[in-house]
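Student: There's a structure below that I have some questions on.
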Amino acid sequence: MSTLADPVPGGRPGDVERARALSGELSGRGVHGVVLAYVDTAGVGRVKTVPVAGLASAAAWGVGMSPVFDTFLANDRIVATDVLGSPDGDLRLYPDLDRLVVLAGQPGWAWAPVDRITQDGDRHPGCSRTFLRRITAGAARAHGLAFKAGIEIEWAVGLGSAPDGEFVPAASGPAYGATRQVELSAYTADLLAACAAQGVDVDQIHPEYAPGQFEISVAALDPVGAADRSVLVRQTIRAVAHRHGLRVSFSPAVTAGGVGNGGHVHLSAWRDGVNLHAGGDRRHGMTAGAEAFAAGVLARLPALTAVTAPSPASYLRLRPSQWAGVFTAWGLETREAALRLVRGTAGRRAEQANLEVKPVDLAANPYLALGCLIAAGLDGLTAGAALPEETTGDPVRLSAGEAAARGVLRLPVSLAEAVAEFRGDEVLRAALGPVLADAVTAVRRGEIDAVDGQDDERVAAAYRWVY
Ligand code: GLU
Ligand code: MG
């Protein structure tokens, strides 16, 4: 479990001693530096690094970094809100020692996610990891709920030698094909070894649909742990690829016009160790709480896409009949509905049943995405929201009348539409708080302006090597 306690100046009890012992141990293992990782509002992974000798100081007093990164765009331009984006001020980055790992794909380095607090020792209202901790702690306090989450990772593997900016798939062969598995077997074996060395439990890895595309899924964790893990696994996928002369992209649309890279979220709510999505008397074994939770997520999906599909490139991926789930529908094991109820295998349903949210990609900041999905679900739970009739098959085939009767809507077709939905959504804005909510709006608008008037190919190219 991730700790739900905020960092404090001087370090939480025991942290400094622990960091001192860790830095000795790390030095002994040939580690020289620690990567301090966080994700900005645009979903871009940003880092600072310190030598291992600086770990105890970082655990006590943090490491300085400007708050301006909260309003960075994917192209490194900076936008502003009324409180963010100014060159003034500083924040302290605190590594979470519970999540520190030695990076198997980057010899000499360890990695830890950070929380950001102010120089006065207060929570930074723009810190997405702190936000998800707060949502998780609130759910435990107010509802007695805990969550398990897993984020699938799809990525495209390209040749490192490709001309600058271009994507040339590093493997040929059919979707899910044995050909591709053989061609990249040295890379993927090293990736599995690196994950195992880092304590990451991999469920499976396989060649995916699009050219050069692969997917990895890892075991579910608590929400903060799952978001951390998603960042770590992507760092590992990239690092191991680099050592093999390969270049990877997690962008929602590596090229325009094909199947994209998704970042489907699996989420389950638990009370007193019991999974709400199994063993109940509602549809497919759901409890009343699980239905209401799913209804809450379903109702807010149009607004949620501004958080879960945050890039102009996200809308090149979010197209019907490409398994990205672009309709506000739910169904049992339905891969074209935005919400797929995963019931699990007979005999293991109590542990496996969960809700899969498909219109999520890896441009999303995973802390913001999970926090907002949980907030939407909790709102449904509190309101006792009714889950509409389920959908089977591809919702694109529903007549207008059938779709209307079931409340099935097409999700936003552009980032501009998503932002308009988000701005009108009081539940998500309240959950995020004004600082983060305004940062989301400002950054999304900045991204829209950055590619204004560009065709799909140029939009794909603009984000190809950012994510
Ligand atoms: N690549 C698809 C997406 O963009 C998902 C494929 C799958 O279901 O695994 O979401
Ligand atoms: Mg997939």
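Student: Please compute one quarter of the surface area of the Cα convex hull for the range 323-429 and express it in square nanometres.
Tutor: Numbers: hull surface 32.1 nm².
Projected area, direction-averaged: 8.0 nm².
Student: With a cut-off of at most 15 other beta carbons within 10 Å, and DSSP calling the residue loop, which chymotrypsin sites (Phe, Trp or Tyr not before Pro) in the range 324-426 qualify? Please list them. Show your work: numbers first, answer last.
Tutor: Numbers: sites: F327, W330, Y367, F422; in loops: none.
For chymotrypsin sites (Phe, Trp or Tyr not before Pro) across the range 324-426 that sit outside H, G, I, E and B with at most 15 neighbouring Cβ atoms in 10 Å, the list is empty.
Student: Another question, then. Which of the listed residues, A303, S66, V47, is farthest toward the dipole's positive end in the chain, when Lys, Arg count +1 and Asp, Glu count -1 at the beta-carbon?
Tutor: V47
Student: How high is the relative contact order of the range 340-389? Use alpha-carbon pairs under 8 Å, at least six apart in sequence, and give a whole percent.
Tutor: In percent, rounded to a whole number, it is 24.
Student: Let me have the 222 nm mean residue ellipticity of the chain computed from DSSP H runs of 4+ only, each contributing -39500 (n - 2.57), with the sum over all residues rounded to the nearest 500.
Tutor: Per the formula, -11500 deg cm²/dmol.
Student: For L415, what charge total do you get from the other residues with a beta carbon under 10 Å from its beta carbon, if Lys and Arg give +1 and Asp and Glu give -1?
Tutor: 0
Student: With +1 on the Cβ of every Lys and Arg and -1 on the Cβ of every Asp and Glu, and nothing else charged, how large is the dipole of the range 63-152 about its Cα centre, in debye rounded to the nearest 20? Show your work: numbers first, answer last.
Tutor: Working: 10 positive and 11 negative charges, 83 e Å.
Magnitude of the dipole: close to 400 debye.
Student: Could you give the length gained on full extension between A400 and S66, defined as 0.36 nm per residue of separation minus the Cα-Cα distance, in nm?
Tutor: Going from the current span to full extension adds 115.3 nm.
Student: Next question. List the relative contact order of the range 346-441 as a percent without decimals, with contacts defined as Cα pairs under 8 Å and 6+ residues apart. Don't skip to the end; give the middle numbers.
Tutor: Details: 25 pairs, mean separation 27.0, N = 96.
RCO, the range 346-441: 28 percent.
Student: Using only the Cα atoms of the range 5-154, build the gyration tensor, take square roots of its eigenvalues as a ≥ b ≥ c, and label the shape rounded, prolate or oblate: rounded if a/c is under 1.5, else prolate if a/b is larger than b/c, else oblate.
Tutor: Since a/c stays below 1.5, the shape of the range 5-154 is classed as rounded.
Student: Take every Cα pair under 8 Å in the chain that's 6+ residues apart, average their separations, divide by the length, and report that relative contact order as a whole percent. Intermediate results must be reported in sequence, preceding the final value.
Tutor: On the way: 1031 pairs, mean separation 79.7, N = 467.
So the answer I get is 17 percent.
Student: Further, regarding this structure: With Kirkwood's inverse mean 1/r over C-alpha pairs for Rh, give me the Rg to Rh ratio of the chain, two decimals please.
Tutor: Rg/Rh for the chain comes to 0.95.
Student: Which order do D98, D425 fall in if you start with the one that has the fewest other Cβ atoms within 10 Å?
Tutor: Ascending Cβ contact count within 10 Å gives the list D98, D425.
Student: Once you sort the root eigenvalues of the Cα gyration tensor of the range 79-144 as a ≥ b ≥ c, which label holds: rounded (a/c under 1.5), prolate (a/b larger than b/c) or oblate (the other case)?
Tutor: oblate
Student: Another question, then. May I ask you to sort S128, S268 by Cβ crowding, counting other Cβ atoms within 10 Å and putting the fewest first?
Tutor: S268, S128
Student: Separate question: Name the residue from S217, A385, T81 whose Cα lies farthest towards the positive end of the charge dipole of the chain, charges +1 on Cβ of Lys and Arg and -1 on Cβ of Asp and Glu.
Tutor: Value computed over the given set: S217.
Student: Which of the helices in the chain meet the span-like rule: DSSP H, Cα axial reach of 15 Å or more, Kyte-Doolittle mean at least -1.0? Can you show the working numbers first?
Tutor: Details: long enough: 15-28 (20 Å, -0.46); 128-143 (22 Å, -0.34); 185-197 (18 Å, 1.12); 223-243 (30 Å, 0.03); 288-308 (28 Å, 1.20); 366-383 (26 Å, 1.38); 426-450 (28 Å, 0.52).
Long hydrophobic helices here: 15-28, 128-143, 185-197, 223-243, 288-308, 366-383, 426-450.
Laboratory data are not the source of any read-out in this text; all were calculated from the coordinates shown. Bear in mind that the values here come from a model prediction, so they are computed numbers and not experimental data. FYI the Cβ positions are ideal-geometry reconstructions off the backbone, even for glycines, and counts take in every protein chain you see.
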